[in-house]
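K.L.:
Pasting in a structure now, in structure tokens, and then I'll have a few things to ask.
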Amino acid sequence: MTNTWPLARGTVPEREAFAFGATTLFVLFAGDAVPNTLTWVGAGVLWALVAAWGGTILVRARPPIVRTPWALWAFLAWCLVSLVWSHWRFATISSLVVQVICAAVAFAIASTLTWRRIGDAIGLALRWVLLLSLVFEAVVAVVVRHPIAPIWTDYGDADIPDAFYFSRAELFTGGRIQGLPGNANLLAMVALLVAIVVAVQFAEGRMRRNRAVGWLALAALVFVLTRSSTVVAAAVVVVVVALAALWIRRVPTERRTPRYLVLAVVAVAAAVAAAVLRGPVSELLGKGSDATGRGEIWVKVLGLVDQHPVVGWGWIGYWWPGIPTLADLAHRKGVTYLQAHDAYLDVWMQTGIIGLLLFAVYVLTTLSRSWASATRIGYDAALRPRTFDPVSLLPLLVVVALLVQSVAESRLLYQGNWVLFALLAIKSRIVLVGEEPLSTGDGPRTPPARREFRGTATR
């Protein structure tokens, strides 16, 4: 049965809970592959079936909602309130229903799996997305040998933008691959998340050396083939945050103030440098001085913000193409972009400064709990300090990766990123990593001697 903390009033088989978590994350992070191959009707049916499965798990597990983050529900409540003045009421209520269902799905996973099994579910789902993306791109490049569009479209002989293709058959031509998500930036984020989870699983002894090296190499290959500057920045920040957390954890809590002051000074200096050098750095990464058109989109979205700065235009999440105010806002090279390319700017435009503040509380409290999981020194029943467990870094590193991406993409507000972030937010509110009891469902670990790389094992 599942190991929930605090203990749920019902029970769900651990295998089913794990299968549901992995299936949900795979379907969501597969992105455009679902509607592009099943049509939107088929995709809707699949998503509904997954949601219904999650509903049955919640009914049987009956987890208490009192230990979930109030900031999440407060933000969703404000989105509901925005229905009163929304300029697109039907879209607001429809999008909010999907948003709440996704939060409930995240609640079901967080309430029925331990932290280690959550890591296993994330790893399994995203490794399959990564592997199948490469297989898909190889088949298109070798067998099909020309770009392919979604099956529900027929462009005829029209000259269409590259962004409309499911795959551009560029695996061997030097172009950027898109994989199952249908977007190079999203596929690159999947590769980064796979690298994080695999590294943690290897350090934990939950994955053998050769297998870990293979998956890390595959993630690095996809990382190179996608060439996403946003995810490059996210990877750099993830590494820096991991080192900072380990540096803080090396000293007792009462002696950490000097180190926190050093980190504060470094963070401020890095922020100033990023602001001053954002143009040259963006040019160096091949994004241009306005981050490949994002600057133009941000200016136009800020124009909408200026019209309703306090309460916003009404919640919508992903912009609906049938709403002229949004569909006519951001055009670039024949492509209509249906997001602000910044989650916080999107929230501000849709829900006003009040919604933005509520969303900021949700984000910052989740980040704070994730940092606590990574740096807090836990104690056992005999008040002896627990040894460091690498899994305690998992929520922090994943949260940081998603937050860095959210500066240039609005994906944190919907689909896989929304569910994954809500999952970590809810689970970290239920129990921190170091305070969760061990579970037999977590499985055995590889002996430490077998975890080492050959270079270190022979020293």
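K.L.:
If you take the square roots of the eigenvalues of the alpha-carbon gyration tensor of the stretch 1-126 and sort them as a ≥ b ≥ c, do you get rounded (a/c under 1.5), prolate (a/b over b/c) or oblate?
P.N.:
It comes out oblate by the Cα gyration axes.
K.L.:
How many nm is it between the label spots at GLU296 and LEU338, if each spot is 7 Å from the Cα in line with the beta carbon?
P.N.:
Going from the GLU296 label point to the LEU338 one covers 2.1 nm.
K.L.:
Based solely on C-alpha atoms, express the radius of gyration and the Dmax of the chain in angstrom.
P.N.:
In order Rg, Dmax, the Cα atoms of the chain give 22.2, 74 Å.
K.L.:
Taking the mean number of other Cβ atoms within 10 Å as a proxy for protection, how do you rank 253-263, 392-402, 348-358 from highest to lowest?
P.N.:
Sorting 253-263, 392-402, 348-358 by mean packing, highest first, produces 392-402, 348-358, 253-263.
K.L.:
What accessible area per residue, rounded to a whole number of Å², is obtained for the chain using a probe radius of 1.4 Å?
P.N.:
Normalised by residue count, the accessible surface of the chain is 46 Å².
K.L.:
Out of the total accessible area of the chain (probe 1.4 Å, heavy atoms of protein only), what percent is carbon and sulfur?
P.N.:
68 percent
K.L.:
Just for the Cα atoms in the stretch 41-101, what are the lengths along the principal axes, largest first, rounded to whole Å?
P.N.:
Principal axes ranked by extent give 38, 36, 12 Å for the Cα atoms.
K.L.:
I'd like the distance separating the alpha-carbon centroids of the stretch 411-431 and the stretch 183-239, in whole Å.
P.N.:
One Cα centre to the other: 19 Å.
K.L.:
Something else now. Taking the simple approach of a point 7 Å from Cα along Cα-to-Cβ for both VAL268 and ARG89, what is their distance in nm?
P.N.:
If labels sit at VAL268 and ARG89, their model points lie 5.0 nm apart.
K.L.:
Kindly state, to the nearest 0.05, the FRET efficiency for PHE164 paired with ALA48, given R0 = 35 Å and r defined as their beta-carbon distance.
P.N.:
0.85
K.L.:
At q = 0.15 Å⁻¹, what is the base-10 log of I(q)/I(0) for the stretch 13-80 according to the Debye formula with one equal point scatterer per Cα and no solvent? Please give it to two decimals.
P.N.:
Ignoring solvent entirely, the Cα scatterers give -0.69.
K.L.:
Taking the Cα atoms of the stretch 298-382, what is the range of coordinates along each of the three principal axes, in descending order and whole Å?
P.N.:
Dimensions of the stretch 298-382 along the principal axes of its Cα atoms: 64, 30, 21 Å.
K.L.:
Let me ask something additional. What shape does the stretch 100-142 take by its C-alpha gyration tensor, where a ≥ b ≥ c are the square roots of the eigenvalues and a/c under 1.5 counts as rounded, a/b above b/c as prolate, and the rest as oblate?
P.N.:
oblate
K.L.:
Oh, and also: Is the stretch 57-151 rounded, prolate or oblate when judged by the Cα gyration tensor, a ≥ b ≥ c being the square roots of its eigenvalues, rounded requiring a/c under 1.5 and prolate requiring a/b larger than b/c?
P.N.:
oblate
K.L.:
Between 0 and 90 degrees, rounded to the nearest ten: what's the tilt of helix 14-29 against the longest Cα principal axis of the chain?
P.N.:
For 14-29 against the chain, the angle is about 30 degrees.
The values are calculated or read from the model by the stated rules, or taken from the named source; none is laboratory data. Quick caveat: nothing in here was measured; it's all calculated off a predicted structure. Cβ sites come from the backbone with ideal geometry, for glycine too, and all protein chains shown count toward neighbours. Each accessible area value is taken on the protein alone, full model and side chains, heavy atoms only, with ligands, DNA and RNA left out. Shrake-Rupley method; radii C 1.70, N 1.55, O 1.52, S 1.80 Å.
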